[in-house]
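Reading through the structure tokens given below for one structure.
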Amino acid sequence: MEDWTTKITLEISKYLENFQLKNNSFGLLFLLEVPHPEVILMPLNEKPNFSVEEINYTYSLQFQREFIEEDDVEYALDVLNLFKLSEKQRLNLDEKTSNNLTEIINFLRNELQSSNANYQIIKSLLKVLLLHLIRFQKASLLPQDHLQNKIYQFLQLLELNFKTEISAKFYAQKLDLSSKRLNQILKEKLGQTATQLVRQRQITEIKRELQKKNKSIKELAFDYQFNSVSAFSRFFKRHTKFSPKQFKMWQ
């Protein structure tokens, strides 16, 4: 098995600015020992949108995408949606959830620090922690919040179809909305249109594929429905400032 010890880290940090999110990783900051406990979520390969501030007793956790992809698809989708759906990338916690998370984090930290740390135990503890956050987030969505539910459904469709479907029309039809209305909802809640979100998701995944180096650039162009390698390269460079070949060489 590939060495996993560099793919998950848990630390107690005094200052938020000390936290640096690694490549191809999700990040979590747990502010649990404050009057109003919360979790700050940092999506895959995205910069946090919170302002740096000084807070004591901050647990910082980051883990690579592979930790969730080894499990079932539904769980992986829920984790991806957890990081996408949380408004302003923050979850304000109740006391019970905060206490539960603190207990899980302590178990996880003890296992990570153990001289005979077990990969399966660590992965299971991470899964329990994320499932607690997913359950809390879903419970926080009010039944009458129709727009939030539509966004959740859109993000699920996005994860299943982003390689081959980029038009707002495809997703709007699945959600029984007009393309204009879908884009209005997404723009209001997530700051981007359907096509922009699809393209962003494609770029994130293409970067990951290039880092893994399991596929050629030609194969990736075919996977993402481009009619030529040059068209694929122009698309990638437009969004990253680098050609796929340059990006792959630097990994």
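None of LEU182, LEU155 is part of a helix (DSSP H, G or I), buried (at least 16 other Cβ atoms within 10 Å of the Cβ), touching a residue at least 60 places away in the same chain (Cβ under 8 Å) and outside the structural domain of ARG65 (by TED's automatic domain parsing) except LEU155. Take LEU133 and decide whether it is part of a helix (DSSP H, G or I), in the same structural domain as GLU205 (by TED's automatic domain parsing) and surrounded by 18 or more Cβ atoms within 10 Å (Cβ to Cβ). Judged against the criteria, LEU133 is not a match. Filtered by the rule that a residue be in contact with a Phe, Trp or Tyr (Cβ under 8 Å, 6 or more places away or on another chain) and among the charged types (D, E, K, R), region 200-251 gives ARG201, GLU205, LYS207. Looking across region 160-176 at every residue that is farther than 23 Å from GLU209 by Cβ and out of contact with any helix residue (DSSP H, G or I) (no Cβ under 7 Å at 6 or more places or on another chain), the one that is surrounded by the most Cβ atoms within 10 Å (Cβ to Cβ) is identified as GLN173.
A search for C-beta distances below 6 Å between a residue of region 216-243 that is in a helix (DSSP H, G or I) and any residue that is exposed (fewer than 14 other Cβ atoms within 10 Å of the Cβ), counting only pairs 6+ apart in sequence or on different chains, returns VAL229/LYS218.
Residue pairs whose Cβ atoms lie under 8 Å apart, separated by 6 or more positions or on different chains, with the first residue in region 118-137 and more than 11 Å from ILE104 (Cα to Cα) and the second surrounded by fewer than 19 Cβ atoms within 10 Å (Cβ to Cβ), are ASN118/GLU111; TYR119/MET1; TYR119/TRP4; ILE121/GLU111; LYS123/GLU70; LEU131/TYR75; PHE136/ASP94; GLN137/SER86. Among the residues here, SER60 does not qualify as exposed (fewer than 13 other Cβ atoms within 10 Å of the Cβ), polar (S, T, N, Q) and within 20 Å of ILE8 (Cβ to Cβ). Being within 27 Å of SER25 (Cα to Cα) and β-branched (Val, Ile, Thr) holds for only one residue in ILE203, ILE185, and it is ILE203.
The values are calculated or read from the model by the stated rules, or taken from the named source; none is laboratory data. This one's a predicted model, so the numbers in the text were calculated from it and none came from an experiment. When we count neighbours, we look across all protein chains shown, and the Cβ atoms used for this are built from the backbone with ideal geometry, even at glycine.
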